[in-house]
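The values are calculated or read from the model by the stated rules, or taken from the named source; none is laboratory data. Keep in mind that this is a model prediction, so the values were computed, not measured. All Cβ positions, even for glycine, are placed from backbone atoms using ideal geometry, and neighbour counts span all protein chains on display.
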Amino acid sequence: MLAWSGQSGAGSSALVAGARARPRIAAALAFGALVAACAGGDDNRVTPPVVLGMTDKMAPFYEDEQTSIFQVSTPVSLPVRRATDEERQALGKAAPYPREPFFKAGDARFTIRYTLSNLDDKQRIVELLVDPWNEFVRYRPGVNTSNEEMAMPNLSGIDKFFVLPPKSRVEGIFTPDDMNELATDLATAQGIAAKPPAADSDFGGPGLYNRAFNIQNRKSYEDPLLKPFVPGVIAGLTGFDLGIRSSAAGNVAVEIVIDVESLNGDRILPDDTQERPIGPPGRILSPPAGAAMP
């Protein structure tokens with residue numbers, strides 16, 4: 001089985017050249033194991049590794065009198081094919097989307113395997129970020145500036161803290177359930193944007209968005225505040241922005257591989273195709289009452 005060539009977006013990111021060596025060993029082993037595991041099925045794909053890093057020479061991504069944020073990100077497209085003209089014309093209506101999604105959350109399963117590496121001689125505290133896209137919107141959290149004392153980044157789709165000891169490496173996985181939850185959270189955010197609470201209410205501003213993306217808020221638990229905003233149809237993920245964030249500059253890298261399992265049978269691009277995936281949508285969805293980060 002051949003691997004589909006995913007998008008790494010190296011031109012929009014600061015890649016740490018020296019970070020490639022050690023995390024690439026783990027990624028290569030994971031990649032080989034995944035290829036062996038799915039070699040018997042045509043409905044499975046494994047993407048080549050995507051590498052992202054930050055250096056101690058970087059300027060802050062966001063800075064004010066109280067806060068410094070160092071962050072890098074890169075876009076990662078999932079191998080979801082585009083609808084044909086005939087397929088698009090056959091799609092009906094489905095709020096809060098402009099139309100019924102062509103690619104739905106149940107059409108495929110995605111698994112992200114990641115390796116975080118600290119190349120410094122001192123401990124680093126970093127956040128691993130995954131901000132989702134579907135065929136309609138690309139989520140960009142921005143910074144919540146409603147607190148006059150301190151600006152705080154709004155929650156990313158997946159927003160996980162790690163304490164990395166000196167010269168260390170941490171490996172982990174985001175499961176298909178995590179990725180399905182991410183698709184549901186993005187759809188919920190679209191529902192909130194379509195019928196937002198009053199700006200001066202208790203739930204105005206970014207509050208409900210952060211509640212939807214809170215890692216402890218899972219779809220298995222029906223949150224009474226979010227339930228009215230969850231669509232009946234959940235648009236599937238077509239990609240995401242992978243990011244690393246820290247309050248201090250440092251030499252840190254992440255490397256991921258993605259296992260893709262097709263469930264519908266005709267929504268995932270074959271590995272030998274020249275056809276482009278859906279890619280990032282043109283519309284950005286961000287919570288209100290916040291400052292955008294470039």
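All told, E127 falls short of being farther than 23 Å from P287 by Cβ and among the acidic types (D, E). Can you spot a residue in region 190-199 that is of a type in the set (D, E, K, R) and surrounded by 13 or more Cβ atoms within 10 Å (Cβ to Cβ)? Looking through region 190-199, none of the residues is of a type in the set (D, E, K, R) and surrounded by 13 or more Cβ atoms within 10 Å (Cβ to Cβ). Listed by position, the strands (runs of 3 or more DSSP E) contained in region 91-186 that have at least 3 residues being surrounded by 20 or more Cβ atoms within 10 Å (Cβ to Cβ) and of a type in the set (S, T, Y) are 108-118. There is at least one residue in region 46-63 that is in a loop (DSSP other than H, G, I, E, B), modelled with pLDDT of 80 or more, out of contact with any strand residue (DSSP E or B) (no Cβ under 8 Å at 6 or more places or on another chain) and among the hydroxyl-bearing types (S, T, Y).
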